[in-house]
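One structure below.
The values are calculated or read from the model by the stated rules, or taken from the named source; none is laboratory data. Because the structure is a prediction, the values reported are computed rather than measured. These accessible areas exclude ligands, DNA and RNA; they are computed on the full protein's heavy atoms, side chains included. Shrake-Rupley method; radii C 1.70, N 1.55, O 1.52, S 1.80 Å.
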Amino acid sequence: GFIFNAEGVRGRTADVYTPENWKPKPQVLSFAGQVKGQQERALAVFEELHPLPAPGRILDFGAGRGQFLRHFAERHPHWELFALEPGGGQLEHARAIPQATSWNKAFHEVNLPCKMDVIVVMSVLEHMERPLEALRWIAANLADGGLLYMQHPDFANLPGDLLCVDHLGKLTVP
């Protein structure tokens with residue numbers, strides 16, 4: 001399901017997702033061993049769900065600072081990497097993964113050079129004013145037989161998300 005937030009940062013996202021406002025989220029520290037970040041754990045789950053051929057093309061839709069794509073590049077060096085990030089983290093992303101083709105634009109302003117074998121959308125749609133338009137764009141840019149990997153907060157299990165003003169939509173598992 002989808003719950004619509006009529007206010008929050010709606011209409012002001014350009015002011016919210018700037019380099020000054022867009023800071024890394026703190027990670028929980030563990031003294032029991034090495035802690036994997038959210039993106040590295042998500043990649044492990046994705047690879048467990050579906051083994052990837054080599055080579056291929058992957059688009060990180062809403063790439064942030066590039067953590068997911070950086071881990072992906074380390075494990076799949078023969079893949080072509082693409083990243084789309086309209087917010088302020090794109091410069092850090094471009095520095096972290098120089099071999100990736102990246103755009104610092106809204107999705108509807110980008111014409112990809114080819115269809116993607118994999119498109120990753122991690123914690124993005126809940127921030128968007130028009131998520132269905134984004135999903136249509138994603139579907140149009142996914143190759144036949146391609147994989148779409150999406151990860152989002154589940155509002156039904158995270159009711160505190162109601163207080164998160166930059167989440168313009170609340171997603172639930174059907």
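Fully extending the segment from GLN99 to ASN157 would add 17.1 nm, taking 0.36 nm per residue of separation and subtracting the current Cα-Cα distance. Solvent-accessible surface of protein heavy atoms, probed at 1.4 angstrom with all chains present, puts ASP144, ASP117 in the order ASP144, ASP117, largest first.
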